[in-house]
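Encoded as structure tokens, the structure appears first; notes follow it.
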Amino acid sequence: MLQILRLGSAILAVVFYGLWSYGVPGRFDAFAGFAGAVFVLTTVVEVRKPTLTPHDHRLFAEFKSLFADSSLIPVFHSHDFLLPFQKAGVDPLYTVDAIWGDAAHSFNDKALEGKRVAFVRAASELAQEIARGTIPKDAYVTVIPREMDPENLPDWVKQDAQAINAKVPAFIQAHEELLRIGAQRGADGGLS
């Protein structure tokens, strides 16, 4: 309906302007201005209208609850994986890796969906690298095997930690981009 109104007002604006510019008697300039204003307003209304579905709002809230609301991103940002890391901190990564690639976790909004795909890829790569390079130790995961002296680490242990550390920036960037585009698209509020 909005597209028909916009197209009609654009046609009327051109017709009235043409009649006015060729000197046809009447107040066609006022009609051209009115039709042009309707065209502009309908264009602005369409650009600003919310495009997110209730599903997108709920999914974005679920996404935020994984890392942003739990303050895990600063922990990932400042942590060196040569040191032990709490298991509870990697659980959300494993959740993303296990279930966020399915259709139920897809956004209807194309911009959000593109950022979700990049986020899931980065989170999965980090989760897989952590799973590959660490072992559980009490409430932590660590790259250092139980029987190894932490003061005399071989190069392969340091390389495992470096491999994990190397995946963190892409994960943080993908997370921040999804948060940013979600905020721009209005996904932060309006849960239905």
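Looking only at residues that are small (Gly, Ala, Ser) and in a loop (DSSP other than H, G, I, E, B) in the range 70-86, which one is surrounded by the most Cβ atoms within 10 Å (Cβ to Cβ)? Outline the logic, then answer.
Step one: list which residues in the range 70-86 are small (Gly, Ala, Ser), which gives 70-71, 78.
When the remaining residues are screened for being in a loop (DSSP other than H, G, I, E, B), the result is 70-71.
Working: SER70: 13, SER71: 8.
In this case the residue turns out to be SER70.
Condition first: open to solvent by less than 70 Å² (accessible area, probe 1.4 Å), more than 17 Å from GLY101 (Cα to Cα) and assigned to a helix (DSSP H, G or I). Now tell me which residues in the range 47-58 satisfy that.
Once the filter is applied, which keeps residues that are open to solvent by less than 70 Å² (accessible area, probe 1.4 Å), more than 17 Å from GLY101 (Cα to Cα) and assigned to a helix (DSSP H, G or I), the range 47-58 yields PRO54, HIS57.
Of the residues that make up the range 81-95, is at least one more than 16 Å from HIS175 (Cα to Cα), in contact with a helix residue (DSSP H, G or I) (Cβ under 9 Å, 6 or more places away or on another chain) and in contact (Cβ under 8 Å) with a residue 60 or more places away in the chain?
yes
Given the residues LYS115, LYS158, which is the only one that is of a type in the set (Lys, Arg), more than 30 Å from PHE60 (Cα to Cα) and assigned to a helix (DSSP H, G or I)?
Just one listed residue meets the conditions, LYS158.
Among the residues that make up the range 87-99, is at least one of them open to solvent by 70 Å² or more (accessible area, probe 1.4 Å), acidic (Asp, Glu) and under 23 Å from the mean Cα position of the chain (by Cα)?
Yes, because at least one residue in the range 87-99 is open to solvent by 70 Å² or more (accessible area, probe 1.4 Å), acidic (Asp, Glu) and under 23 Å from the mean Cα position of the chain (by Cα).
Would you point out the residue of the range 134-182, among those that are surrounded by 13 or more Cβ atoms within 10 Å (Cβ to Cβ) and acidic (Asp, Glu), that is nearest to VAL75 (Cα to Cα)?
So, considering only residues that are surrounded by 13 or more Cβ atoms within 10 Å (Cβ to Cβ) and acidic (Asp, Glu), the one nearest to VAL75 (Cα to Cα) is GLU176.
Quick one: which residue in ALA61, ALA131, ALA122, ALA104 is open to solvent by 30 Å² or more (accessible area, probe 1.4 Å), in contact (Cβ under 8 Å) with a residue 40 or more places away in the chain and outside any loop (DSSP other than H, G, I, E, B)?
On the way: ALA131 fails: in contact (Cβ under 8 Å) with a residue 40 or more places away in the chain; ALA122 fails: open to solvent by 30 Å² or more (accessible area, probe 1.4 Å); ALA104 fails: in contact (Cβ under 8 Å) with a residue 40 or more places away in the chain.
Every option except ALA61 fails the conditions.
Listed here are the residues, each with its yes/no results for (1) among the basic types (Lys, Arg); (2) over 24 Å from THR95 (Cα atoms); (3) out of contact with any Lys or Arg (no Cβ under 9 Å at 6 or more places or on another chain).
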{"site": "ALA123", "(1), (2), (3)": "no, no, yes"}
{"site": "GLU129", "(1), (2), (3)": "no, no, no"}
{"site": "THR134", "(1), (2), (3)": "no, no, yes"}
{"site": "TRP156", "(1), (2), (3)": "no, yes, yes"}
{"site": "ALA163", "(1), (2), (3)": "no, no, no"}
{"site": "GLN173", "(1), (2), (3)": "no, no, yes"}
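The values are calculated or read from the model by the stated rules, or taken from the named source; none is laboratory data. Keep in mind it's a predicted model, so treat the numbers as computed, not measured. A quick note on method: Cβ atoms are made from the backbone with ideal geometry, for glycine too, and the neighbour counts reach across all protein chains shown. These accessible areas exclude ligands, DNA and RNA; they are computed on the full protein's heavy atoms, side chains included. Shrake-Rupley method; radii C 1.70, N 1.55, O 1.52, S 1.80 Å.
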